[in-house]
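Only one structure is covered here, and it is reproduced in the block below.
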Amino acid sequence: MNDVKTQGLSFRQSVNHMVDRALTALGIEPGLARAMKTCNSVLQVSFPVRIRGKIEVFKGWRAVHSIHRLPAKGGIRYDLKVCQDEVEALASLMTYKCAIVDVPFGGSKGGLHIDPRQYDRDELELITRRFARELARRGFLSPATNVPAPDVGTGQREMAWILDTYKTLYPEDINYIACVTGKPVAHGGIRGRVEATGRGVQLGLREFFRHMEDVKAAGLEGGLADKRIVVQGLGNVGYHAAKFLQEQDGAKIVAIIERDGALIDDNGLAVEQVRQYMNETGGIKGFPGASYVEDGAAVLEKECDILLPAALEGVIHTGNAARIQAKIVAEAANGPVTFEADEILRSRGIVIIPDAYLNAGGVVVSYFEWIRNIHHMRFGRMERRFDEVRGQHIVSALEMMTGEKAPDWMHTELVRGADESDLVYSGLDDTMRLAFQDICAVRDMAEGRHDYRTAAYMVAVQKIARSYADLGVSV
Ligand code: GLU
């Protein structure tokens, strides 16, 4: 098998070893443990597409890790590192992620072995539509059983093409619009999905910083304000997480690591400006007013409060784990720390806030989008005006009873019905808070008291095991 080697272990093995810690701590019977870790099915497709007059053959996968809940859910990635091992590992992460944040989906993931930057928009559309047809025809794309979303190298645009391909194939499916999430809002997407993963990272970190004992154990004190953060990857997740943490929590982004090097400014980099510069020039090199380091990987080792890897898997490995100087590693990406590196970091007292919890915001809002789609109505549509009128009555009643005019802020806050963005934010915030509290409730049972990864997997495994026990393992 074509494995992604992150030192001795492949990505899939690395995830499984981490899950083993939770399975052992819970004393799960070996047969059931094996069943839980095994990928249910994997589709591999190769298909030809005529590009610039020549036929090119593309290879893609869609792995379904678990079907204890349906649909199976997870993104589609376009990257040259994509292989079967990677999609299987990522699909299994989706299973645990959904269980941790109480999203009733199984885990799946897809990927195409491609460098999307080498193709123009029309070519990517041709390739994506063909891939979508392959998936749909083989039962790996459907609102009821398998629902993709964006991931590294894909976004709203790709989701719209997949949706349209599915709709053309199955126009009689009344729920066709729910066959993918992360779509443009004009095509059934939900407000807040684009920034959802980054927003979830921010909300997850905020919740961590509400637990003073945990903050202290990480060697820190206070809230997020002025915390020094190193961000690796300023893609969709890293950009939104860094931007929100900087603009709304007062954190300092002291370094940004990208493909072409790293920017450092101990007074804090303006995330929005760096991103704009990247959009204009294609990289970060030359960004004015910050020092530039060509060897981006070395900047992972910079002393900081929070290291936020937000790109691909395996960036913290046995080769650099001993030199990481962050107090907290906040896993915004999937699998950024290998199994071996995880052991090294924890033995050095570095706290890891694990991917399966911290980056779950994307799938949480995907769940809201899927519900919106099968409900065929935007959230807030029925009650918003009603709530506004009721708010107006409350303000009038207060004014009548006190004989005073309500201050403007009170008027604005009370006379306001929630719109879709408010509800998505509220649902995501609640989910991230509750999930962290669930993790804390079992954290003390994990071998190392501050091993949040094992605790998070224990939360997931308990839920999945219960579902296996209720439904039986075979049908
Ligand atoms: N690709 C994202 C992830 O890794 C989102 C998946 C989804 O929304 O289904 O969590």
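The values are calculated or read from the model by the stated rules, or taken from the named source; none is laboratory data. The structure displayed is predicted, hence computed values, not measured ones. Note that we place each Cβ from the backbone using ideal geometry, even for glycine, and neighbour counts take in every protein chain shown. Ligands, DNA and RNA are stripped out before the accessible areas are found, and what is left, the full protein with its side chains, is counted by its heavy atoms. Shrake-Rupley method; radii C 1.70, N 1.55, O 1.52, S 1.80 Å.
Would you point out the residue of the range 135-178, among those that are part of a strand (DSSP E or B) and touching a strand residue (DSSP E or B) at 6+ places or on another chain (Cβ under 7 Å), that is nearest to the ligand (Cβ to nearest atom)?
Going residue by residue through the range 135-178, those that are part of a strand (DSSP E or B) are 142, 146-150.
Next, from what is left, pick out any that are touching a strand residue (DSSP E or B) at 6+ places or on another chain (Cβ under 7 Å): 146-150.
Details: Asn146: 10, Val147: 7, Pro148: 7, Ala149: 3, Pro150: 6 Å.
Selected residue: Ala149.
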Give me a count of the residues in the range 28-63 that are over 30 Å from Met458 (Cβ atoms) and crowded, with 16+ Cβ neighbours inside 10 Å.
7
Please go through (1) of a type outside the set (Phe, Trp, Tyr); (2) open to solvent by 40 Å² or more (accessible area, probe 1.4 Å); (3) within 11 Å of the ligand (Cβ to nearest atom) for Val185 and return the number of the only condition it doesn't satisfy.
(3)
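State yes or no: is Gly107 of a type outside the set (S, T, N, Q) and outside any helix (DSSP H, G or I)?
Working: of a type outside the set (S, T, N, Q): yes; outside any helix (DSSP H, G or I): yes.
Judged against the criteria, Gly107 is a match.
Kindly establish whether Ala225 is surrounded by 24 or more Cβ atoms within 10 Å (Cβ to Cβ) and away from the ligand (no atom under 16 Å from the Cβ). Write out each step before concluding.
Values: surrounded by 24 or more Cβ atoms within 10 Å (Cβ to Cβ): no; away from the ligand (no atom under 16 Å from the Cβ): yes.
No.
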If we only count strands (runs of 3 or more DSSP E) wholly inside the range 179-269, which ones have 2 or more residues that are free of Cβ contacts under 8 Å to residues at least 60 places away in the same chain and touching a Leu at 6+ places or on another chain (Cβ under 8 Å)?
252-258
Pairs only if they're at least six apart or on different chains, beta carbon under 7 angstrom, first in the range 450-464 and modelled with pLDDT under 95, second of a type in the set (Val, Ile, Thr) and open to solvent by 10 Å² or more (accessible area, probe 1.4 Å); list them, first residue then second.
none
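Let's see how each residue does on (1) more than 30 Å from Pro71 (Cα to Cα); (2) out of contact with any strand residue (DSSP E or B) (no Cβ under 7 Å at 6 or more places or on another chain); (3) within 16 Å of the ligand (Cβ to nearest atom):
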| position | (1), (2), (3) |
| --- | --- |
| Thr181 | no, no, yes |
| Gly192 | no, yes, yes |
| Glu195 | no, yes, yes |
| Arg199 | no, yes, yes |
| Gln202 | no, yes, yes |
| Phe208 | yes, no, no |
| Glu221 | yes, yes, no |
How about the range 404-449: which of its residues are of a type outside the set (Val, Ile, Thr), open to solvent by less than 70 Å² (accessible area, probe 1.4 Å) and over 23 Å from the mean Cα position of the chain (by Cα)?
Ala406, Pro407, Met410, His411, Leu414, Gly417, Ala418, Asp419, Ala446, Gly448
Conditions first: (1) more than 22 Å from Arg77 (Cβ to Cβ); (2) open to solvent by less than 60 Å² (accessible area, probe 1.4 Å). Val201 passes all but one, so which condition is the exception?
(1)
Select, from Ala99, Ala25, Ala89, the only residue that is closer than 22 Å to Val337 by Cα, in contact with a helix residue (DSSP H, G or I) (Cβ under 7 Å, 6 or more places away or on another chain) and open to solvent by 40 Å² or more (accessible area, probe 1.4 Å).
Ala25
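Working carefully through the options Asp451, Asp470, Asp419, Asp429, find the one that is of a type in the set (D, E, K, R) and within 21 Å of Val237 (Cβ to Cβ).
Criteria check complete, one pass: Asp429.
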